[in-house]
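Asker: Quick one: this structure, given as structure tokens, is what I'll be asking you about.
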Amino acid sequence: MSTTLKPIKGKAFVLGKNIDTDQIIPAAHLVYSLDDPEERKFYGKYALSGVPSAESGLPQGNIPLTKEGKTESEFRIIVASDNFGCGSSREHAPACLEIAGVEAIITPTYARIFYRNCVDGGFLIPFESYEDLSKEVHTGDELEIDQENFVLKNHTQGKEYKIKPLGSVADIVRAGGIFEYARQNGMVAKI
Amino acid sequence: MGMTLTEKILAKHSGKDRVSPGDNVWVDVDILMTHDVCGPPAIGIFQKQFGENAKVWDKEKLVIIPDHYIFTADKYANRNVDILRAFAAEQDLPYFYDVGTDSYKGVCHVALAEEGFTRPGDVLFGTDSHTCTAGAFGQFATGIGNTDAAFIMGTGKLWVKVPETMRFVFEGTSMPPYLMAKDLILKIIGDIGVDGATYRTMEFAGPGIKALTMEDRMTLTNMAIEAGGKNGVVEPDAITEAYVKARTNHPYELVYSDPDAKYHSERYYNLEEIVPMIAKPHSPDNKATAEELEGTYLNRAYIGSCTGGKLSDFRAAAEIIQSNKVKIDTFIVPATTEIARGLETETIFGIPLIEIFKEAGCQIGNASCAACLGGPSDTFGRLNSDEICISSTNRNYPGRMGSKQAQVYLASPYTVAASAITGVITDPRVFIQETVI
């Protein structure tokens, strides 16, 4: 269990505050299967397509997470302002970001159901920052998250920021989700 | 020290004498509800994790209510209802409210109450953020994702972090005639913000709350999630018991907060001092009074959903709309089939509500979530371009009711009805004073 966690590296995608689940994945797209390997690609295509264009990919704006005609994004880490994931309980929200290729989010605060879905479903890691980094980081910056020491490195700008340890959900995140956690603890039988 | 209502329910369901905010506990689940949007993926996870032939933990406790994308030609949406149907048959589920049958209900949160699943003292989880509606009955109820729902399907348990409780006390013994529960909750959300209650319980209390009907209390607790709340609760009383007993013979337990319970915070409101409220685009906390926005241009009005499509909501709207014509496209969507029947039987001066709406020029839809959350492009009442809509629903983030170019103002059914008649935002007090005189 004490294996070293690899750093998460990749390009930043920056958003503002109160990005709700309708912006993350508009309701019209919730009809696609998450199990079918082809159909689920729609979620990568439409991830964050509900964000008003001017506020998508800050500070410049008008940058889609996933390019036209693609199902996977070039961006790996979302940096956003407060209350990320507010609104509905749709697990399609963290799922679509994972399908698009996003591995982590960094924001000062989350809406609770979205946060919980990220953790229990093992889709991506919801890190909390001490300050609002959405004004510091630019979309496209090369970032690295040191998961052992909880440091965010911005290689493009040559800056580093402390981020919060995962706290009480760390064990579930490390296990990879609630089922894996429950199996490790004998709560659910292995199949 | 005492415990709050929420703490007591979580303690009992986790086999503990007491719990404190911040504790992580595993609770036994009384009811799990899912619908056509999140049911199919939850079932997929259940089958993957517990095996293709696995049985749910207790078929009496799983309630499946298709309601979101029902009256649509979207092939994927219809396929999802087929998945629910096949699962309900395979698992022999007694509580599946199938589309196209007499048992079809419509919006899950209202249907849960009508069918007797909102029982005081119980723990209810649902794959929908507005599951918190059921807290109106003194139940612990909250929304979860597909993975958590699949976990419950297999085990009957889920981990919960015990929330702190914020208490909102309403002074005053009766609702002023121009006010509805929607005004109270929009006022609160405007005051504390869309993350003002994140991770916490919102407990609504005081003589002003005791004066509310069950439907009005449901409007309040429904929108706890719009302030980020984990759940919303109202202590049960004679009004609660009368509703529940009329709907189920199942036993329940009345749970109350202790007088010395510890709260995160308390806020006091006086019903007499609250006026008709509006949430402007594009956030439920973007508050204004109807009076401040008087005259704002609109081209769409919508009355429906779990929070704004109950029979009392339509009765309120009809009181204002009667003998008038609507000036803008106005959509009426009853939450459930029971409410749809109520539109035929409930009357004002002997005229059924449905006749009042039709005579005024409103369009009437079938019971479902419809355009509250946009949905497929052929959804009844959906905002498909740059409409400016006033709506009795609960959320107005960009794109919520369809196009992200559209604008949505949230308001009470009174205010929506008054504005539908004039075509601009209108304080309902103008009409209600006329009615009273």
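The values are calculated or read from the model by the stated rules, or taken from the named source; none is laboratory data. Note that this is a predicted model, so its numbers are computed, not measured. As a convention, Cβ positions derive from the backbone with ideal geometry for all residues, glycine included, and neighbour counts pool all protein chains shown.
Asker: Among residues belonging to segment A:146-179 that are facing chain B (nearest Cβ under 10 Å) and not aromatic (F, W, Y), point out the one that is farthest from A:E136 (Cα to Cα).
Answerer: As a first pass, look at segment A:146-179 and keep what is facing chain B (nearest Cβ under 10 Å): A:168-169, A:172, A:177-179.
With not aromatic (F, W, Y) added as a condition, the list becomes A:168-169, A:172, A:177-178.
On the way: A:S168: 28, A:V169: 27, A:I172: 30, A:G177: 31, A:I178: 33 Å.
By that ranking, first place goes to A:I178.
Asker: Working carefully through the options B:D67, B:D28, B:D23, find the one that is crowded, with 22+ Cβ neighbours inside 10 Å, modelled with pLDDT of 95 or more and not small (G, A, S). Quick ask: steps written out before the conclusion?
Answerer: Values: B:D28 fails: crowded, with 22+ Cβ neighbours inside 10 Å; B:D23 fails: crowded, with 22+ Cβ neighbours inside 10 Å.
After applying the criteria, what remains is B:D67.
Asker: Scan (1) surrounded by fewer than 16 Cβ atoms within 10 Å (Cβ to Cβ); (2) under 25 Å from the mean Cα position of the chain (by Cα); (3) assigned to a loop (DSSP other than H, G, I, E, B); (4) of a type in the set (D, E) for the single condition B:E52 breaks and write down its number.
Answerer: Condition (2) is where B:E52 drops out.
Asker: Which fully enclosed helices (runs of 4 or more DSSP H) of segment A:33-137 have 1 or more residues being among the charged types (D, E, K, R) and farther than 21 Å from A:P165 by Cα?
Answerer: Working: elements: A:41-46, A:92-100, A:112-121.
Filter on segment A:33-137 gives A:41-46, A:92-100.
Asker: Take the residues in segment B:363-395 that are among the charged types (D, E, K, R) and farther than 17 Å from B:V37 by Cβ, then tell me which one is farthest from the other protein chains (Cβ to nearest Cβ). Let's see the steps before the verdict.
Answerer: Initial filter on segment B:363-395 (among the charged types (D, E, K, R)): B:378, B:382, B:386-387, B:395.
Then drop every residue that is not farther than 17 Å from B:V37 by Cβ, which leaves B:386-387.
Numbers: B:D386: 13, B:E387: 16 Å.
Among those residues, the one meeting the criterion is B:E387.
Asker: Just give me the residues in segment B:86-125 being small (G, A, S), buried (at least 19 other Cβ atoms within 10 Å of the Cβ) and free of Cβ contacts under 8 Å to residues at least 40 places away in the same chain, in sequence order.
Answerer: Going residue by residue through segment B:86-125, those that are small (G, A, S) are B:86, B:88-89, B:100, B:103, B:106, B:111, B:113, B:116, B:121.
Going one step further and asking which of them are buried (at least 19 other Cβ atoms within 10 Å of the Cβ), we end up with B:88, B:106, B:111, B:113, B:121.
Selection gives B:A88 alone.
Asker: What is the number of the single condition among (1) more than 13 Å from chain B (Cβ to nearest Cβ); (2) free of Cβ contacts under 8 Å to residues at least 40 places away in the same chain; (3) not in a loop (DSSP other than H, G, I, E, B) that A:A28 does not meet?
Answerer: (1) is the only condition that A:A28 fails.
Asker: Residue check: is A:S53 of a type in the set (S, T, Y) and under 12 Å from A:L97 (Cβ atoms)?
Answerer: Details: of a type in the set (S, T, Y): yes; under 12 Å from A:L97 (Cβ atoms): no.
No: the conditions fail for A:S53.
Asker: Next question. Which residue is nearest to the other protein chains (Cβ to nearest Cβ), if the candidates are limited to segment A:126-144 and must be surrounded by 22 or more Cβ atoms within 10 Å (Cβ to Cβ) and under 13 Å from A:I8 (Cβ atoms)?
Answerer: A:P126
Asker: In segment B:396-415, which residue that is more than 17 Å from B:S377 (Cβ to Cβ) and hydroxyl-bearing (S, T, Y) is farthest from the other protein chains (Cβ to nearest Cβ)?
Answerer: B:Y414
Asker: Taking the stated definitions as given, is B:L220 more than 15 Å from the chain's Cα centre (by Cα) and not β-branched (V, I, T)?
Answerer: Working: more than 15 Å from the chain's Cα centre (by Cα): no; not β-branched (V, I, T): yes.
In short, no.
Asker: Within segment B:68-84, identify whether any single residue is within 23 Å of the chain's Cα centre (by Cα) and on the phi > 0 side of the Ramachandran plot, and answer yes or no.
Answerer: Just the residues of segment B:68-84 that are within 23 Å of the chain's Cα centre (by Cα), to begin with: B:68-72, B:77, B:80-81, B:84.
Now restrict to residues that are on the phi > 0 side of the Ramachandran plot: none.
The answer is no, given that none of the residues of segment B:68-84 is within 23 Å of the chain's Cα centre (by Cα) and on the phi > 0 side of the Ramachandran plot.
Asker: Are any residues in segment A:53-93 facing another protein chain (nearest Cβ under 9 Å) and either touching a residue at least 60 places away in the same chain (Cβ under 8 Å) or over 14 Å from the mean Cα position of the chain (by Cα) (or both), and if so, which ones?
Answerer: First, pick out the residues of segment A:53-93 that are facing another protein chain (nearest Cβ under 9 Å): A:53, A:55, A:82-83, A:86-93.
A:S53, A:E55, A:D82, A:N83, A:C86, A:G87, A:S88, A:S89, A:R90, A:H92, A:A93, listed by residue number.
Asker: Spot the failing condition for A:G50; the list is (1) more than 29 Å from B:D285 (Cβ to Cβ); (2) without any contact (Cβ under 8 Å) to a residue 60 or more places away in the chain, and only one is missed.
Answerer: (1)
Asker: Of the residues that sit in segment B:255-284 and are assigned to a loop (DSSP other than H, G, I, E, B) and among the charged types (D, E, K, R), which one is farthest from the other protein chains (Cβ to nearest Cβ)? Explain how you work it out, then say what you get.
Answerer: Step one: filter segment B:255-284 for residues assigned to a loop (DSSP other than H, G, I, E, B), giving B:255-260, B:262-264, B:274-276, B:280-284.
Right, trim to among the charged types (D, E, K, R) and you get B:258, B:260, B:262, B:280.
Working: B:D258: 25, B:D260: 27, B:K262: 21, B:K280: 14 Å.
Ranking the qualifying residues of segment B:255-284, first place goes to B:D260.
Yes/no matrix, rows are residues, columns are (1) aromatic (F, W, Y); (2) over 17 Å from B:A279 (Cα atoms); (3) in contact with a helix residue (DSSP H, G or I) (Cβ under 9 Å, 6 or more places away or on another chain); (4) not assigned by TED's automatic domain parsing to the domain that holds B:L311:
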| position | (1), (2), (3), (4) |
| --- | --- |
| B:L158 | no, yes, yes, yes |
| B:L186 | no, no, yes, yes |
| B:K210 | no, yes, yes, yes |
| B:D216 | no, yes, yes, yes |
| B:Y243 | yes, yes, yes, yes |
| B:A246 | no, yes, no, yes |
| B:H264 | no, yes, no, yes |
